[in-house]
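The structure appears right after this line, and notes come after that.
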Amino acid sequence: MLVHICCSVDSHYFIEELRKEYPKEKIIGYFYDPNIHPLSEYELRFLDVKRSCDKLGIKLYKGEYEYEKWLKAVKGYEDEPEKGARCEICFDLRMGSSVEFAAKIGEKKLTTTLLTSPKKDLEQLKNALQKECEPYGVEFLAPDFRKDGGTQRQFALAKKEMLYHQNYCGCIYGLKKQKQDKSFIDELMSPINAQILPASIEARIALYKKVNLLEKKGIKFEIIRQKFLNYRLLSALIKLDKKAVKSHI
């Protein structure tokens, strides 16, 4: 069985529950999520998905980051709300790639960990799975592991396993809508000199690389979150003899 994976918080619980329902199935993971923006966030989520799959003993394949293909697919739907038409197109694209890969490696069943996300529409996901799977003769599975307190158990498990819990679904348009009341969006900023800024995506990548290393060495640790003032220089200039000069700040 091939499982399309979106993120570790959704996949870890989903795969554990899937194993209970299908104990005889060999589960293979496929990370194909070209909607995720920016690229650093995509790499961060894959890093933690790989860590989760290693814990679960799941083989994981990484699909291509086809961001331009995704942008072209959703063109004209930039202002759609969450669970709107843009999400349907996005699901079709991701399930389409997943079923192609399933057929390529000889897997006869397909499902997706997106089904566990409380921010996603189950019917949209079922429709995408059915539409993309039928031409290939691949069986689609759409279990609802959210019900009967499943979402609460999912988040409790993610906290216990210290998985990376992102604060937005993934795409640039959803991110902009979610943070439209802010004057700037941290996730869309990066310094010219590639400096790793506090609380940035790059800082989280460094953190979860360290987490991965400590776990492999069997060293106990805790992740402690603390609030602090975090400044970003949004605009500035350098003057020489009262005249602005070209500069990087």
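The values are calculated or read from the model by the stated rules, or taken from the named source; none is laboratory data. A quick note: this is a predicted structure, and the numbers were derived from the prediction, not measured. Don't worry about glycine lacking a Cβ; one is built from the backbone with ideal geometry, like all the others, and counts go over all protein chains shown.
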Check: Pick from MET162, MET189: which is modelled with pLDDT under 90, surrounded by 11 or more Cβ atoms within 10 Å (Cβ to Cβ) and not β-branched (Val, Ile, Thr)?
Finding: MET189
Check: For the subset of segment 1-38 comprising residues that are touching a Gly at 6+ places or on another chain (Cβ under 6 Å) and in a loop (DSSP other than H, G, I, E, B), which member is farthest from PHE140 (Cα to Cα)?
Finding: ILE36
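I want to confirm something. Restricting to segment 130-144 and keeping residues that are not in a helix (DSSP H, G or I) and not β-branched (Val, Ile, Thr), which single residue is surrounded by the most Cβ atoms within 10 Å (Cβ to Cβ)?
Keep residues of segment 130-144 that are not in a helix (DSSP H, G or I), which gives 137-144.
With the extra rule that they be not β-branched (Val, Ile, Thr), the set shrinks to 137, 139-144.
Details: GLY137: 9, GLU139: 15, PHE140: 22, LEU141: 18, ALA142: 16, PRO143: 15, ASP144: 11.
Top of the filtered list is PHE140.
Residue-wise test of (1) of a type outside the set (Gly, Ala, Ser); (2) within 19 Å of CYS90 (Cβ to Cβ).
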site	(1), (2)
ALA142	no, yes
LYS147	yes, no
ARG153	yes, no
LEU157	yes, no
TYR164	yes, no
TYR168	yes, yes
ILE185	yes, no
MET189	yes, no
ILE196	yes, no
Check: Any idea which of GLU64, GLU41 is farther than 27 Å from ASP144 by Cβ, in a loop (DSSP other than H, G, I, E, B) and within 15 Å of the chain's Cα centre (by Cα)?
Finding: GLU64
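Does GLY63 count as touching a Phe, Trp or Tyr at 6+ places or on another chain (Cβ under 6 Å) and surrounded by fewer than 19 Cβ atoms within 10 Å (Cβ to Cβ)?
So GLY63 fits the description; yes.
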Item checked: Members of segment 23-54 found to be loosely packed, with under 14 Cβ neighbours inside 10 Å and either out of contact with any Lys or Arg (no Cβ under 9 Å at 6 or more places or on another chain) or under 16 Å from ILE205 (Cβ atoms) (or both), listed by number -> PRO23, LYS24, LEU39
Margin query: For segment 145-158, give me each residue that is surrounded by fewer than 12 Cβ atoms within 10 Å (Cβ to Cβ) and charged (D, E, K, R).
Written below: LYS147, ASP148
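Given LYS59, LYS24, LYS72, which one is in contact with a strand residue (DSSP E or B) (Cβ under 6 Å, 6 or more places away or on another chain), more than 16 Å from GLN166 (Cα to Cα) and basic (Lys, Arg)?
Just one listed residue meets the conditions, LYS59.
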